[in-house]
Amino acid sequence: MALFDTFTLEVISQVDSAVPVPTIDYTLSVGARGESLYDAMNRLQAQPISGFTFESKEYADFGHYVTKINGLKGDQEKSLFWFIYINELGNFATEGINFLHPKKGEKYIFAYTNSAQNHPDKIKK
């Protein structure tokens, strides 16, 4: 693996809200073989200079679902959640971040969204 094998983690908002969510792109190196997106996000979070933080909740059939990024937490009462898209909007990840394994050139888009249709409680496997 070359040192320049990277993937992108992008944070965006699809919600018009009083709480602005700036679009931020993070470039991460592709980790060791078998490293999950969850592991890579923990690596990024461990670098204080990145300013990146996240929290997740583990669901038995889904895996780790992101509940908070950079201080902005989902709000179930308002149907506000963090969704993951792979490479482009509309290509929704149907499993948690511990089951996703980044490859060179991929983009993982974390979108703060006001729709509950893709919340792990609603996904049937």
Problem - Separation in nanometres of the label points that stand 7 Å from Cα toward Cβ, at Lys73 and Gln14 - result: 2.3 nm
Practice task
Kindly report, to the nearest 10 Å², the accessible surface of Glu88 as traced by a 1.4 Å probe over protein heavy atoms only.
Solution key: 120 Å²
Practice task
Just need the relative contact order of the stretch 1-112 here, percent rounded to a whole number, with Cα pairs under 8 Å and 6+ apart.
Solution key: 34 percent
Exercise for the section: Would you check the accessible area of Thr27, probe 1.4 Å, heavy atoms only, in square angstrom rounded to 10? Expected result: 100 Å²
Problem - FRET efficiency, 1/(1 + (r/R0)^6) with R0 30 Å, evaluated for Thr94 and Arg33 via beta carbons - result: 0.85
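Where does each of His64, His101 land when they are ordered by accessible area, with a 1.4 Å probe and the largest first? Don't jump to the answer; show the numbers that get you there.
Working: His64 30, His101 80 Å².
Of His64, His101, the descending order of accessible area is His101, His64.
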Exercise for the section: Round to the nearest 10 and report in Å² the accessible area of Tyr108, as given by a 1.4 Å probe over the protein chains' heavy atoms. Expected result: 10 Å²
Handout entry: Cα gyration tensor, the stretch 12-83 - rounded (a/c under 1.5), prolate or oblate
Key = oblate
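The values are calculated or read from the model by the stated rules, or taken from the named source; none is laboratory data. It should be emphasised that the depicted structure is a prediction, and the values quoted were computed from it without experimental measurement. With ideal geometry, Cβ positions are generated from the backbone for all residues, glycine too; neighbour counts draw on all protein chains shown. The area values use the complete protein model at the heavy-atom level, side chains included, leaving out ligands, DNA and RNA. Shrake-Rupley method; radii C 1.70, N 1.55, O 1.52, S 1.80 Å.
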